[in-house]
1. Report yes if some residue within region 609-617 is at pLDDT 80 or above, farther than 22 Å from I703 by Cα and in contact with a Gly (Cβ under 6 Å, 6 or more places away or on another chain); otherwise report no.
2. Considering region 37-78 alone, what residues qualify as being of a type in the set (S, T, N, Q) and surrounded by 14 or more Cβ atoms within 10 Å (Cβ to Cβ)?
3. Tell me yes or no: at least one residue of region 180-190 is touching a residue at least 24 places away in the same chain (Cβ under 8 Å) and in contact with a helix residue (DSSP H, G or I) (Cβ under 7 Å, 6 or more places away or on another chain).
4. Does L205 satisfy the condition of being open to solvent by less than 80 Å² (accessible area, probe 1.4 Å) and not hydroxyl-bearing (S, T, Y)?
5. Pairs, please: C-beta under 8 Å, at least 6 apart or cross-chain, first residue within 14 Å of R696 (Cβ to Cβ) and outside any loop (DSSP other than H, G, I, E, B) and in region 706-721, second open to solvent by 20 Å² or more (accessible area, probe 1.4 Å) and of a type in the set (S, T, N, Q)?
6. I'd like to know if region 331-338 contains one or more residues that are surrounded by 14 or more Cβ atoms within 10 Å (Cβ to Cβ), modelled with pLDDT of 85 or more and not in a helix (DSSP H, G or I).
7. Do we find a residue being surrounded by fewer than 18 Cβ atoms within 10 Å (Cβ to Cβ), modelled with pLDDT under 80, under 60 Å from the mean Cα position of the chain (by Cα) and under 30 Å from L37 (Cα atoms) anywhere in region 144-158?
Amino acid sequence: MVSQGSSPSLLEALSSDFLACKICLEQLQVPKTLPCLHTYCQDCLAQLAEGGRLRCPECRESVPLPPTGVAAFKTNFFVNGLLDLVKARAGGDLRAGKPACALCPLMGGASAGGPATARCLDCADDLCQACADGHRCTRQTHSHRVVDLVGYRAGWYDEEARERQAAQCPQHPGEALRFLCQPCSQLLCRECRLDPHLDHPCLPLAEAVRARRPGLEELLAGVDNNLAELEATRLAEKEALTRLREQASKVVTQVEEAAERVLRALLAQKQEVLGQLRAHVEAAEEAARERLGELEGREQVAREAAAFARRVLSLGREAEILSLEGAIAQRLRQLQGCPWVPGPAPCQLPQLELHPGLLDKNCHLLRLSFEKQQPQDSEKDGARSEGGDATQPQSRDGVQTPDKDRAQTPQEDEAQPLKAERAETPEDDGAKTPKEGRAQTPQEDGGTQARGGGRSNKKRKFKGRLKSISREPSPAPGPNLEGSGLLPRPIFFCTFPTRMPGDKRAPRITGLCPFGSREILVADEQNRALKRFSLNGDYRGAVPVPEGCSPCSVAALQDAVAFSAAARLYLINHNGEVQWRRALSLCQASHAVAAMPSGDRVAVSVSGHVEVYNMEGSLATRFIPGGKANRGLRALVFLTTSPQGHFVGSDWQQNSLVVCDGLGQVVGEYRGPGLHGCQPGSVSVDKKGYIFLTLREVNKVVILDPKGSLLGDFLTAYHGLEKPRVTTMVDGSHS
């Protein structure tokens, strides 16, 4: 490729595909040039002619076909000259693989000349050594340039050969084109000038070129300027396309993040509303049970008194009736005068109110706007374009939000309830306007309306609001991680209940661990069960546990399950058969259990130290984290990314998260403000070594790097999190 403004060399023209036809891909034969300056073989162009027009195969420009056909297109003498040079370099008449002299057959009558060793650039003939010497000695040819044939074939004399090369007249073979007819703009040889162009003013070719070169160079300079502008415009268009793609990718990420935030806030409000509903129903049921018990007692007393009176009246003798008449009358009057039939107590029926915008088809929580990019003529304009319109609000992540009718995110309006027209009930058929103000929960009004008999029977609406829990964020990650996409992001997968039909009590989940590649094993201490669930929440049955055992912490090994219960460590197979059990210290309420990455050993925290058992139940090793028995590990997990057996534990005594190597030496510890003064809870580790720590008291799961440095919040109440207890990592990606 020749750079703009530079002149191509002859060697480049001869060695490139400039002399090849773009249609047949062969060397040009009878080259014809179209008005668009693209050159093709005459026969190839004849195949493209259709309907009196011809379309250029390269630039697709359509040109009219001359009346006499494609032969009337201009012959490209420039290409012809280069082709002649190429053919001469390749060699013409060969004898035993060597070029032969062109003059020897003319002088000696020989059928073929001797081997050529030189070439005359003016005559374009190959000469033997004798003819070359004679060529230099004749009057007519002594000024001709005779060069060595080997050097000529090597291209040493290409420029000089081009200077001495003469274009041949297509009408008179052997005659060189020497003149330009100015009126006809046609090249002429001597024979052409004597007949039809005799009276026309003609110029020698050199003089004509000198006269016309400035005009062509001026036009070429104008085209070069246009090319520069086109190149600049093309680069600007590419930059604009790149910016468009980058911005589109950024907006896609922003849309996904915004949608996730809205969904998380909606799930958090769902949990809040359902929690309030459960609390209201439980309080109302408790009050109703008390009233029912009192009513049933009074009803039984009244029935017994009435039955006794009927028996006496129907079966008693006169004396008997009269003797009991006073007592019976007094009791019946007492029962009649007692106000023990107050009617049903007023009941607060919960009603859900949705925000009207959720039911409005024209309400768009996400809105896309388009900003017209101005040409960046200067650095000032570019800076202004990057800064954007100062009057248009812009969020922290670059999403522009209109001033009016702006969709509020849950974080911007976290206290505003999600309201809408409530569903009609049989008691209230008409459309009602939602009232502002939150309905009191049974805990807030003390349940007085549920139990009191003189209170108003007016209905109250039940609204849900987002709890203001754990508003304080954890310390921000470092500048090299903020927004870099290197940290894991939570993506909601599914939620499922853990209470099964056979459970007698509400589940108390104290342990989780991966069970195979696509299952989770759940330790339900309250129902004394190890439950299996798929990643989609499908119940797959239970792993039987010994009678009377309440599993606390659990870990899955190769073909077995280890769990702690009370002060014992159990290892059972998948059928529930006990392989072995070991007694643990009674000084600790619960014992954290973790499987080592190899899958053939289990570790358990016991009174400030960690014990490791093999599959046979033998104590393989025992070490004290940090060399001091002043730690109380309540959660334990091994780093799968560490071949040295590093593990992580939650230290309740030191209120810290500690990272130790396989020998128990502390290699990292975190007890900073990110814990919010809470005792660290459950820990889990993903396949990259990131540590996920549960902080139940502030409703969070924070993330730390493999060395124990805090990176930020991972899950909060905005994700629908409610009092997290334990976490685990399945296949290094599902938690």
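The values are calculated or read from the model by the stated rules, or taken from the named source; none is laboratory data. Model, not experiment: these values are computed from the prediction. Reconstructed Cβ throughout: ideal geometry from the backbone, glycine too, with neighbour counts over all protein chains shown. For the accessible areas, the whole protein counts, side chains as well, though only heavy atoms, and no ligand, DNA or RNA atoms are used. Shrake-Rupley method; radii C 1.70, N 1.55, O 1.52, S 1.80 Å.
1. no
2. Listed by number, the residues that qualify are T39, Q42, T75, N76.
3. Yes - at least one qualifying residue is present in region 180-190.
4. yes
5. A717/S470
6. No: region 331-338 contains no residue that is surrounded by 14 or more Cβ atoms within 10 Å (Cβ to Cβ), modelled with pLDDT of 85 or more and not in a helix (DSSP H, G or I).
7. yes
Condition check ((1) at pLDDT below 85; (2) over 30 Å from A279 (Cβ atoms)) across all residues:
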| site | (1), (2) |
| --- | --- |
| A305 | no, yes |
| A319 | no, yes |
| C347 | yes, no |
| P356 | yes, no |
| R367 | yes, yes |
| R384 | yes, yes |
